[in-house]
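Peer 1: I have a structure I would like to understand better, so I am pasting it below and will then ask my questions one at a time.
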């Protein structure tokens with residue numbers, strides 16, 4: 001028993017010392033006390049139990065979006081994800097309809113985002129959010145400022161929501177709950193959509209659905225406007241190399257014809273995706289860019305669009 005006790009305290013010392021030894025932690029605690037009136041003793045105790053997680057650093061260095069398009073797409077747009085999405089849609093049909101009406105975001109987009117982020121809430125993350133954010137805030141120089149800000153936002157969120165600072169789990173990057181909101185987005189866009197007096201996207205699908213719709217509306221979602229449209233390209237050699245947004249009339253002059261959408265007031269950028277037969281060309285509208293605010297990746301936005309389309313076609 002004494003041996004086990006000694007091992008426990010050795011483990012406790014080794015883990016609790018990892019985070020507080022990172023440069024900048026003590027200054028951050030002082031800042032939170034001065035700026036937001038946190039209790040210095042309480043916050044110090046929290047950081048003394050916060051663990052540096054090298055796994056988060058490793059994960060940041062190999063994002064899934066670095067995979068080839070077809071491999072990335074297959075991980076999210078597949079029969080299992082579609083089946084799960086249709087089930088989630090049926091289980092939450094009333095809430096999804098209400099969110100769509102209130103915020104103007106199609107139900108299939110909301111379902112697809114939640115499906116890609118957490119498999120409809122089944123995999124919301126295994127890291128303690130304090131561990132993930134502290135590691136990235138103080139040991140990931142290229143984005144330290146961003147994660148330091150998110151750590152600040154999490155502490156404020158935890159105080160507001162009466163969370164146990166050390167009990168909340170997240171992704172390796174500190175994203176929270178069913179829709180994987182960063183703490184700043186949780187505070188700004190999460191809503192009490194079921195009206196029970198709590199804003200709980202960690203456990204409540206209704207709040208997650210309303211919050212996703214509110215987030216997209218907040219970033220400029222255009223109700224009824226297109227997201228992406230497959231394009232027919234007359235001559236690939238004359239395509240412009242820039243990423244300038246052009247009106248559809250200008251794209252037509254360049255020999256780029258959308259398969260279906262024909263709205264001259266719309267502007268769009270062009271993307272190409274490498275598939276087995278070569279290249280696919282797509283025109284991307286403003287709503288595509290809004291989805292990118294969720295995850296700054298063209299691959300990500302395209303999988304949301306394609307999964308949403310599959311769900312829409314499969315829903316009765």
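The values are calculated or read from the model by the stated rules, or taken from the named source; none is laboratory data. Computed from a prediction, not measured in an experiment: that's the story for all the values here. Every residue, glycine as well, gets a Cβ built from its backbone with ideal geometry; the counts of neighbours run over all protein chains shown.
Peer 1: Considering (1) touching a strand residue (DSSP E or B) at 6+ places or on another chain (Cβ under 7 Å); (2) free of Cβ contacts under 8 Å to residues at least 24 places away in the same chain, say which one residue 202 fails and leave the rest.
Peer 2: Going through the list (1) touching a strand residue (DSSP E or B) at 6+ places or on another chain (Cβ under 7 Å); (2) free of Cβ contacts under 8 Å to residues at least 24 places away in the same chain, residue 202 breaks only (2).
Peer 1: Identify all residues within segment 12-48 that are in a loop (DSSP other than H, G, I, E, B), modelled with pLDDT of 95 or more and in contact with a helix residue (DSSP H, G or I) (Cβ under 8 Å, 6 or more places away or on another chain); write none if there are none.
Peer 2: Of everything in segment 12-48, those that are in a loop (DSSP other than H, G, I, E, B), modelled with pLDDT of 95 or more and in contact with a helix residue (DSSP H, G or I) (Cβ under 8 Å, 6 or more places away or on another chain) turn out to be 38, 39.
Peer 1: Only one of these is within 22 Å of residue 46 (Cβ to Cβ) and in a loop (DSSP other than H, G, I, E, B): 155, 133, 202. Name it.
Peer 2: 202
Peer 1: Considering only segment 99-158, how many residues are at positive phi and touching a strand residue (DSSP E or B) at 6+ places or on another chain (Cβ under 9 Å)?
Peer 2: Number of matching residues: 1.
Peer 1: Show me the helices (runs of 4 or more DSSP H) found entirely inside segment 230-316 where at least 3 residues are out of contact with any helix residue (DSSP H, G or I) (no Cβ under 7 Å at 6 or more places or on another chain), without any contact (Cβ under 8 Å) to a residue 40 or more places away in the chain and surrounded by 15 or more Cβ atoms within 10 Å (Cβ to Cβ).
Peer 2: Qualifying helices (runs of 4 or more DSSP H): 248-253.
Peer 1: Would you check which residues across segment 145-160 are under 19 Å from the mean Cα position of the chain (by Cα) and in contact (Cβ under 8 Å) with a residue 12 or more places away in the chain and list them?
Peer 2: 147, 148, 149, 150, 151, 152, 153, 154, 157, listed by residue number.
Peer 1: Looking only at segment 91-98, decide whether some residue is closer than 30 Å to residue 29 by Cα, free of Cβ contacts under 8 Å to residues at least 12 places away in the same chain and assigned to a helix (DSSP H, G or I).
Peer 2: No.
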